[in-house]
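Have a look at the structure below before the remarks.
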Amino acid sequence: MRRVTPALATAGLAVLLVAATLPAQALPEHRGDSTSYGTKAPYEPRQNPRTYQQAPAGFIPVFTENVSRHGSRAATGSDDGDRVLALVEKAKATNELTTKGREFGPKARGLQAAMSGVGYGDLSGRGTQELQDTATRLVRRLPGLFATIAKKGERIDVVSSGQGRAVDSANIYAGTLAEQDPGLKPLIGPTRTDVDLLYFHKAAGGKAYRDYLANDQRLATTLKTITDQPRTHGAARSVLLKLFRPAFVGALSTDDQVAAAQAVYNLYAIAPAMRAESPGGRGWGLEKFISGRDADWFGYLSDAEDFYEKGPGFADSDITYRMAGVLLDDFFRQIEARRAGTSDLGAELRFTHAEEIIPLAALLGLPGSAQGATTTQPYTYATNPWRGASVAPLGSNIQWDVYRKGDTYLVRMLYNEKETPFKQSCHPVTRTSTFYNLNELERCFGRTSG
C-alpha cells in the first residue's frame, strides 16, 4: 500500500475535484468476508464443480490452458513488522502499551519469524496446498482430456514469470498433475521462463506503463486524495489506540500514525496466507487487533491503489491493461495452433503475478473487473464493483477449456474456477450457455476481419 507522503505541491484542481466527489462514507458496514484482505486474500474456488454446464452434445475436450497467480505467500519484506515492533519496543520501555499491545508484540514477532523461515515473498504451506488442490480439481474436471493426453503422448507445457514463487507454483502444480496420473509425468516439460509473457509489467512491453506509475500527475493526486482524508486519520488512530496509550499515539505525526496503522493492517492481511505456519495451524489471531471497520477501510485504500495502478483505472485510458494483450494473444494462439493441427499440446499452464492477472481481467472485460473511474467520480466501493479479493486473490486463475466436434471448436472460460461469460459483445452458442464458438471469440476480440 502506498505510504502517505507530504502534500503534493502541484495538486491543483485535480485534487479538489476528487476531494469534492469522495463520499463521506465510502464503505458499507463491515462485511465479515475476505474483502478486507484485498489481493492478499487466500484462494477459494468460486463454484461447486457439480454445477458446471455440460458441453453441447457430441463435443469432447481436446485442450485446456490457464494463467494462474502464484499461491499464498509470505510478505515480500519485513518492513511492516519492523516498523510496528519498533514502536512496540519504544512504548514498552515507557509503559505505554495497552493490554492488547502487550499481546500483539509476541504474535507479530511469531508471524515475522514464520515468514522469515518460509522466505520473504516465497510460498507458504497454504500456498502449496492451494496449488495442489487446484491442480487436482483440474484433472477431476477433465478426466477424459487427461486420459487422451496420456494415451496420445501429447505434451503439457509449463511456463512461469521466472520469479521464485511463480516457478515454485508451476512446479507444484505440474507435480500434482503427475501424481494424479503418472502417465502424464513424461509428458510434462520442465518449467520454462517467459518474462515478456508473464512479467510484462517489468518487460519491454511495459515501458509506457512504468512511466505512468512514475510520472502521471492525475494518478498521484487521485491516490493521495483518496488516502489523505479524515476517515483514514480516524481509522489510523483507532488502530493504534488498541495497542498504545493515547499520549504515545498523540506524540506521533499524522503521517507516522497512518504509516504505522497501515503496517498493522498489512500484517493482518497477510496472516491468513501464513495460517499453516501458525501455532497448531489455528491462525495468528491478528483480527483481534484491528476492528472490522478499520480493516475494511485500509482494505479499501489498498484496493484503490491496485485499481488505479493495475486494474481498469481511469475510464479514458487503457494504460494499465493494454500491455496484457500479449497474454490474451497467447491464449488465442495456442487454441488456433491446435485447430490448425500445428500443435501437439494438450495443456498450456502459465504461472504469474497479480500485476498480470488484474490487467488481463480488465482487458477481457471479466465481471467486476472492467469498470473504470473518472476524475469527478473516483473509485469507491459504493460506485464500483472492483474488489481485489475477487479479482486477483492469491492463487487466482483464468482457464479456457476447449471442446471439439468435427471442425467446430467451443471454448468455456473459468475464472477462479467459476463458469464466467466473456464480455457482452461476445455471443455464446445459446443465450444461457457458457460455451462460445472459437470463431465468435475471434470476431469478438478483433482477431478476424469479419
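Considering only residues in the range 130-178 that are part of a helix (DSSP H, G or I), within 13 Å of F63 (Cα to Cα) and among the aliphatic types (A, V, I, L, M), the one that is most open to solvent (accessible area, probe 1.4 Å) turns out to be A147.
Residue count for the range 245-292 satisfying the condition of being out of contact with any strand residue (DSSP E or B) (no Cβ under 8 Å at 6 or more places or on another chain), outside any helix (DSSP H, G or I) and open to solvent by 60 Å² or more (accessible area, probe 1.4 Å): 2. Out of F298, F351, one residue alone is within 26 Å of M413 (Cα to Cα) and either touching a Cys at 6+ places or on another chain (Cβ under 8 Å) or not in a loop (DSSP other than H, G, I, E, B) (or both). It is F351.
All told, G365 meets the bar of being open to solvent by less than 50 Å² (accessible area, probe 1.4 Å) and out of contact with any helix residue (DSSP H, G or I) (no Cβ under 8 Å at 6 or more places or on another chain). The condition of being under 27 Å from I357 (Cβ atoms) and within 22 Å of the chain's Cα centre (by Cα) holds for only one of A269, A204, that being A269.
For the range 179-193, filtered to residues that are assigned to a loop (DSSP other than H, G, I, E, B) and touching a helix residue (DSSP H, G or I) at 6+ places or on another chain (Cβ under 7 Å), the residue that is surrounded by the fewest Cβ atoms within 10 Å (Cβ to Cβ) is D181. List the residue pairs whose Cβ atoms are under 7 Å apart, where the first residue sits in the range 405-432 and is on the phi < 0 side of the Ramachandran plot, the second is open to solvent by less than 50 Å² (accessible area, probe 1.4 Å) and of a type in the set (G, A, S), and the two are 6 or more positions apart or on different chains. From residues that are on the phi < 0 side of the Ramachandran plot, the pairs are L410/A55; K423/G365. Comparison of L240, L219, L197, L223 shows that the only residue that is under 30 Å from T148 (Cβ atoms), open to solvent by less than 30 Å² (accessible area, probe 1.4 Å) and either in contact with a Pro (Cβ under 7 Å, 6 or more places away or on another chain) or in contact (Cβ under 8 Å) with a residue 24 or more places away in the chain (or both) is L197. Considering the range 41-50, the residues that are in contact with a strand residue (DSSP E or B) (Cβ under 9 Å, 6 or more places away or on another chain) and open to solvent by less than 80 Å² (accessible area, probe 1.4 Å) include one that is nearest to A269 (Cα to Cα), namely Y43. Within the option set G325, G395, being in a loop (DSSP other than H, G, I, E, B) and not hydroxyl-bearing (S, T, Y) holds for one residue only, G395. Whenever a residue of the range 260-288 is among the charged types (D, E, K, R), its partners that are buried (at least 19 other Cβ atoms within 10 Å of the Cβ) and at pLDDT 95 or above, lying with C-beta atoms within less than 7 angstrom and at least six residues away or across chains, give the pairs R275/R126; E277/A114; E277/V118; E277/S124; E287/Y268.
Among the residues of the range 51-69, those that are open to solvent by less than 70 Å² (accessible area, probe 1.4 Å) and either in a loop (DSSP other than H, G, I, E, B) or without any contact (Cβ under 8 Å) to a residue 12 or more places away in the chain (or both) comprise Y52, Q53, A55, P56, G58, F59. In the set (1) touching a Pro at 6+ places or on another chain (Cβ under 6 Å); (2) aliphatic (A, V, I, L, M); (3) free of Cβ contacts under 8 Å to residues at least 60 places away in the same chain, A113 fails one condition alone, (1).
The values are calculated or read from the model by the stated rules, or taken from the named source; none is laboratory data. Just so we're clear, the structure is a prediction, and the values are computed from it rather than from any experiment. Because the Cβ atoms are built from the backbone with ideal geometry, glycine has one as well, and the counts that use them run over all protein chains shown. What goes into the accessible areas is simple: the full protein's heavy atoms, side chains included, and nothing from ligands, DNA or RNA. Shrake-Rupley method; radii C 1.70, N 1.55, O 1.52, S 1.80 Å.
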